[in-house]
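Everything below concerns the one structure shown next.
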Amino acid sequence: MRQRNLYMWRGEDISLTIVLEGSGSIADQDFRFDLRGDREEEDTVPALVTKTIGDGLTIVDPDARTLLLVLNSADTIDLVDGQDLVGWWEVASVDPGNNASLAGGFLTIRNRSVRV
């Protein structure tokens, strides 16, 4: 898996296009996006943010293996308190018998004051 590092501001709404590694259509497959504080926390600590198909994660082109991830301001507004957060993001297949990490990298969430 090739690592892709991403950056965003705390409380920002963003949409990211993610192309998954591998070959073949991803139609009828299930995926999950997780943001964790550390890459080594997988399965030991709940994810800071999770998105699934139909809830912030959408297959936009199954033959090109392309997903759209939407993070809303509410997903990150409470994650950063006075400092930047550098976490590990990952998109994984969650189909039974086919659990595999297909995209991932570091996500830096920059702190800034957000006026409401």
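No value in this document is a laboratory result; all are computed from the given coordinates. Note that the structure is a prediction, hence the values are computed from the model and not measured. Positions of Cβ are generated from backbone atoms using ideal geometry, with glycine treated the same way; all protein chains shown enter the neighbour counts.
With θ taken as phi - 60° and the Karplus curve 6.51 cos²θ - 1.76 cosθ + 1.60 applied, the whole-hertz 3J(HN,Hα) list for the range 56-70 is x, 10, 9, 7, 9, 8, x, 6, 8, 6, 10, 10, 10, 9, 10 Hz, x standing for glycine and proline. Residue order for ARG112, ARG36, fewest other beta carbons within 10 angstrom first, comes to ARG112, ARG36.
Note the full-extension length gain between ASP55 and ASP38 as 0.36 nm times their separation in residues minus their Cα-Cα distance, in nm to one decimal.
3.8 nm
Along the range 19-32 the Karplus relation, 6.51 cos²θ - 1.76 cosθ + 1.60 evaluated at θ = phi - 60°, assigns HN-Hα couplings of 9, 7, 6, x, 9, x, 5, 9, 4, 6, 9, 10, 9, 9 Hz to successive residues, with x for each Gly and Pro.
Calculated mean residue ellipticity at 222 nm for the chain: -500 deg cm²/dmol, from DSSP H runs with n ≥ 4 weighted as -39500 (n - 2.57), summed, divided by the residue count and rounded to 500.
For the chain, a Gaussian network of Cα nodes joined below 10 Å ranks GLY24, GLY104, GLY37 by mean-square fluctuation, and the top entry is GLY24.
How high is the FRET efficiency from GLU12 to ASN98, r the C-beta distance, R0 30 Å, rounded to 0.05? Efficiency at R0 = 30 Å is approximately 0.40. Summing charges over neighbours of SER15, with a neighbour being any other residue whose Cβ is under 14 Å away from its Cβ, gives -2 when K and R count +1 and D and E count -1. Taking PRO96, PRO62, PRO46 as the candidate residues, the one with maximal mean-square fluctuation in a Gaussian network model of the chain, Cα springs under 10 Å, is PRO96.
The GNM of the chain, with springs linking C-alpha atoms under 10 angstrom apart, assigns the highest mean-square fluctuation among SER23, SER73, SER93 to SER23. Restricting attention to the chain, close to 80% of DSSP beta bridges with both partner residues there are antiparallel.
Legend: calculated FRET efficiency, SER73 to GLU21, from the Cβ-Cβ distance at R0 = 35 Å, rounded to 0.05, equals 0.75.
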